[in-house]
Amino acid sequence: MSIMEKLKSLFQREDLPDETRQLYQNSANPRDLIRGLEAQRGRNEIDLRDNEEQLISLERAIGLEEESIRKGGLTPTQETIVLRRIERLEKQRANLEKQVSIYNENVNLHLNLISKIQEMEAMRSRGVSEDEIDSLVDDVQDHVEQYKRVSIAAESSTNTASAVDDSAERRRLEEIRKRIVGVKEQPKIETAAAPLPEKKTLES
């Protein structure tokens with residue numbers, strides 16, 4: 001059985017990205033397949049680095065906004081605006097972190113596929129037994145399973161839009177504020193002013 005035949009069931013898995021499965025159909029031999037996988041890996045690497053840079057920029061932006069809360073001196077309106085901004089930035093960061101995780105697994109998947117196919121070719125040229133070559137396909141299957149788990153986890157944790165609730169928003173923003181300034185700070189509780197003692201008058 002040729003190497004391409006051994007890889008057929010692997011590249012028919014729906015867990016793999018569509019472009020990777022299509023690549024197998026368009027490849028005449030392992031060398032074509034490796035070249036195509038390397039091109040896909042390169043594109044994913046570019047997307048990964050772009051998302052990583054965006055993530056770093058978001059971290060800096062969040063840090064600056066948090067510092068303005070720590071310094072204090074903001075009016076209630078200003079503080080609310082900054083806290084809302086932090087909340088939005090953190091949602092963007094969470095979404096980017098999911099994208100980075102998926103791209104990272106995608107790059108690792110392609111690196112693993114390339115490495116195993118090259119290893120299979122080398123083993124075939126050395127006359128290694130078919131069972132040993134088949135074991136490499138099993139290794140790649142395990143890596144595809146890992147890729148599948150990461151992708152599913154990222155998709156299932158995607159934030160869904162929900163109706164705006166003022167009281168819920170205030171609680172969220174207060175939690176963000178407490179996290180930034182520290183839990184030691186107790187929230188200010190407004191209390192009614194105590195009545196002044198009655199003045200005693202001198203009897204004439």
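The values are calculated or read from the model by the stated rules, or taken from the named source; none is laboratory data. Quick caveat, the model's predicted, so the values are computed rather than measured. Here the Cβ is made from the backbone with ideal geometry for all residues, glycine too, and neighbour counts use every protein chain on show.
When residues of the stretch 136-151 are filtered for being within 11 Å of M120 (Cα to Cα) and either loosely packed, with under 12 Cβ neighbours inside 10 Å or in contact with a Leu (Cβ under 9 Å, 6 or more places away or on another chain) (or both), how many remain?
Initial filter on the stretch 136-151 (within 11 Å of M120 (Cα to Cα)): 136-137.
Now restrict to residues that are either loosely packed, with under 12 Cβ neighbours inside 10 Å or in contact with a Leu (Cβ under 9 Å, 6 or more places away or on another chain) (or both): 137.
Qualifying residue count, the stretch 136-151: 1.
Criterion applied to D32, D18, D50 was being over 30 Å from E175 (Cβ atoms), free of Cβ contacts under 8 Å to residues at least 12 places away in the same chain and within 16 Å of the chain's Cα centre (by Cα), and the one residue passing it is D50. Looking across the stretch 67-80, the residues that are within 13 Å of L173 (Cα to Cα) and surrounded by 14 or more Cβ atoms within 10 Å (Cβ to Cβ) come down to I69, E79, T80. Considering the stretch 1-110, the qualifying helices (runs of 4 or more DSSP H), each wholly inside and each with 1 or more residues that are farther than 28 Å from R124 by Cβ, run over 18-26, 30-71.
Close contacts from the stretch 98-127, counting a first residue that is farther than 27 Å from E52 by Cα and touching a residue at least 12 places away in the same chain (Cβ under 8 Å) and a second that is assigned to a helix (DSSP H, G or I) and of a type in the set (V, I, T), with Cβ to Cβ under 6 Å and a gap of 6+ residues or different chains, come to K116/V140; I117/I34; M120/I3; M120/I133; M123/I133. Taking (1) at pLDDT 90 or above; (2) surrounded by 16 or more Cβ atoms within 10 Å (Cβ to Cβ); (3) out of contact with any Gly (no Cβ under 8 Å at 6 or more places or on another chain) in turn, L64 satisfies each apart from (2). Tell me, which residue of the stretch 2-55 that is over 16 Å from E105 (Cβ atoms), in contact with a helix residue (DSSP H, G or I) (Cβ under 9 Å, 6 or more places away or on another chain) and among the basic types (K, R) is surrounded by the most Cβ atoms within 10 Å (Cβ to Cβ)? Here the residue is K6. Just one of the numbered conditions (1) in contact with a helix residue (DSSP H, G or I) (Cβ under 9 Å, 6 or more places away or on another chain); (2) over 30 Å from N44 (Cβ atoms); (3) modelled with pLDDT under 80 is not true of T158: (2).
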